Amino acid sequence: MPIYQYKSIGKGCEYCSKGFEQMQSMKDKPLTKCPKCSGKVKKVPALFSGYSPLLSDSNLRDKGFTKLVKKDKGTYEKTT
Ligand SMILES: [Zn+2]
């Protein structure tokens, strides 16, 4: 059975706010509610699992982070 990922739309509870995985049959309807708190959830495309757009270079820059890349022994270069 495939595993689907869900995440709360609103505030959610501890379980769904971080996202959770639900094993479902292909013919089951997607969940719309968190099984724990009944808050609304949406399906997260499996394609994006394991990929975090939050950590892309431009996003880090937007958030004021600086990414340091190790150049050679003991020196770091600022890339952002
Ligand atoms: Zn919940």
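Laboratory data are not the source of any read-out in this text; all were calculated from the coordinates shown. Predicted, not measured: the structure shown is a model, and the values here were computed from it. Reconstructed Cβ throughout: ideal geometry from the backbone, glycine too, with neighbour counts over all protein chains shown.
Using a 10 Å cut-off on Cβ atoms, rank the peptides 25-35, 5-15 from the highest mean neighbour count down.
Averaged packing, sorted descending, gives the order 5-15, 25-35.
Around Gly39, with a cut-off of 9 angstrom between Cβ atoms, what is the net charge of the other residues, counting Lys and Arg +1 and Asp and Glu -1?
Counting the neighbours of Gly39, the net charge comes to +4.
Quick check: residue separation of Lys7 and Lys27 times 0.36 nm, minus the Cα distance between them. What number comes out in nm?
Extra length from Lys7 to Lys27 when fully extended: 5.2 nm.
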